[in-house]
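Where a number appears in this text, it was derived from the coordinates with a stated rule and is not lab data. Keep in mind it's a predicted model, so treat the numbers as computed, not measured. As a convention, Cβ positions derive from the backbone with ideal geometry for all residues, glycine included, and neighbour counts pool all protein chains shown.
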Amino acid sequence: MRVRTQLALALSALAGFTAALIVTIHFFSDRALLFREIQSQVLSIAATAASQVDAAAHERIRAAGQESTPDYRAVQATLRAIRDANRRDDVHVRFIYTMRPVGDGKWIYVADAEEPGPDFSPFGTSVEFDNREPPHLDHPYAEKDFSHDSFGSWLSANAPIRDAAGRPVALLGVDLVASEVQAQLNRLLWRGIDAGLFALVIGVVGGLLIARWFTEPLERIDATVRRIGAGELGAEVKMNRRDEFGDLAAAVNQMGVALRERDALKGALVRYVSREVAEEVLAGKSGVLKGTRKQITVLIVDIRNFTAISARLEPEVVLEFLNRFFTRMIEIIFEHRGTLDKFLGDGCLAIFGAPLEDPEHPRNAVRVAQEMLAACDDLGRDLREHHGIELRIGIGLHTGEAIVGDIGSDQRTEYTAIGDTVNVASRLETLNKEYGTRLLASEAVVRGAGEGFTFRQVAEVAPRGVSQPMKIFTLAD
C-alpha cells in the first residue's frame, strides 16, 4: 500500500475520531451552557417578580377564603402579568406562586397566578416538595436539576419577597416547563450530530488532499513566517483548511495580528500614559493596572467660561483651539510622569503616583500646574489677539488615598482613580471661582511638594464632602 494511501486512511480515521470527540465535548458543554442560561432566566424571572409583589398586601393575606379580597387580587394580578409575559417559545413559565413558612420545615401556598381549577392552589395548601430542594428564605436560588412532582417535570426558582425593612417574609416560586427545555436540548443534540457528520466528511476529503499535496501548505506557511520576520506584519497565510495546517496557518495569522495590535496598542497607550508606563504594560508586568489603594495626587484643570467662549467662536475654531489646548496640557502631564485619567468636556483629570510608583508625585503635580498656567498664558495670547477673548483656567490639586486601577467591562475598561481624593480636588478646582484664583492646592500637596515653591494660604474651608476644615493654598505670584 502506498504511503499516500496509508496517510489518507490514517488521517481519515483520525478526522472521524476527532470529529466525534469534538461533537461530544461540544454537546455536553453546550448542554450545560444552555441549562445554565435557562436556569439564569428562570432565576431572573423569580427575582424580578419578587421585587414587584406588594409585600404589604401579601402580608395581609393571612386566612383561607381571602382569594376575593383586594390584597389577594392585587398580588395575583402581578403574578399573572409576569407569568403571561414569560410564556414564550424559549422560556415557558407554567406556574408562578408565593409561599410562606409555617414552622417545622413546612410551607403553605399564599397566592397563585392560576385560574380556578385543578392546577390552582388555594391559600393554606401545604407545599409538597417531593424530591425538590427544600426552600430557603434568605436569597434567590434556582434548582440545580429538573424536579418532578404530581404536576409534572419542572425547572424551578425561588426568590424572597421582602417587606419595607428589607426582611424576607415569603418566597415567590416560578416553575418552568421541563419539556420545553428538553426539546431545546434534543435540538442541540441533533445540530451537534449534523455538525459532526459534516466535519467527518470534510476530514476525509481533507485527508485525501493532504496526501496529494502534503508539502504545499508548509511551504506557504514558511514563506509567510519569513515575510513577517522581515517586518511585513500584514502578511497572511491564505489557506482554508480544516486540519493542523489550517490551525498553524491561523496561528501564524493571529501572530501577525497580535504584532500589529501590539504596535497599535503602544501608539494608543502613549496617548494616555507616559511611555514608560506603556512599556511596562506591553512587557506584561503583572499588577501594573490592577486595582489598589495608594497615595496619589489628583490634578483637575478646567477652562473658565468655556460655554461663552464657544458661543462666540465658530465650531471649527473651537475644536482647533481645544485640540491645541489639550495637546499642550497632556504633553506637560506626561513630561512629569503623570497619567491622563479622563477628559471632562472642557477640562481634564490627571493622576500622579499611579500606576507606577512616584515618591515625588505631589512635587511633579505642582510642576505640571505651574507649566499649565504658563502654557495657558501662551495659548490665551492668540485668543486675545485674534478674537478678543481672555483665556482663564482653574486648577485643583489634592494629595490623598484613592483606589486606582482598571474599571469597566470585558468590552471596555479605563484606568482611573476613585474616592474622596478625586472629589476634594474637584471641589478645590471649583473654589477658584469663589476666591478669584487660578490654582488651589490642599495642605497635603504643599507638604508633599517640598522646597522650591512659594505658596500662600488663601483660606481655611470645609469643602462639601470633607468633615474637617482644611487649609487651601495658591502659588504666590
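Computed on region 3-182, the Cα convex hull volume stands at 143 Å³ per residue. Calculate, for Asp477 and Glu385, the FRET efficiency according to 1/(1 + (r/R0)^6) with r their C-beta to C-beta distance and R0 25 Å; round to the nearest 0.05. Once rounded, the FRET efficiency stands at 0.60.
Ranked by how many other Cβ atoms sit within 10 Å of their own Cβ, fewest first, the residues Trp190, Trp154 fall in the order Trp190, Trp154. Net charge in the neighbourhood of Val466 (other residues with Cβ under 10 Å of its Cβ; Lys, Arg +1, Asp, Glu -1) is +1. As a proxy for reagent exposure, Tyr415, Tyr435, Tyr109 were ordered by neighbouring Cβ count within 10 angstrom, fewest first; the result is Tyr435, Tyr109, Tyr415. For semi-axes √(5λ) of the Cα gyration tensor in Å, the candidate list reads (i) 41, 27, 20; (ii) 57, 46, 19; (iii) 50, 29, 24; the entry that matches the value derived from this model is (ii). Percent of Cα pairs in region 287-475 per distance bin of 10 Å, from zero to the largest separation: 9, 37, 34, 17, 3. With the simple model of a label 7 Å out from the Cα in the direction of the Cβ, His139 to Arg62 spans 3.2 nm. The fewest-to-most ranking of Ile407, Ile296, Ile228, Ile82 by surrounding Cβ atoms within 10 Å reads Ile407, Ile228, Ile82, Ile296.
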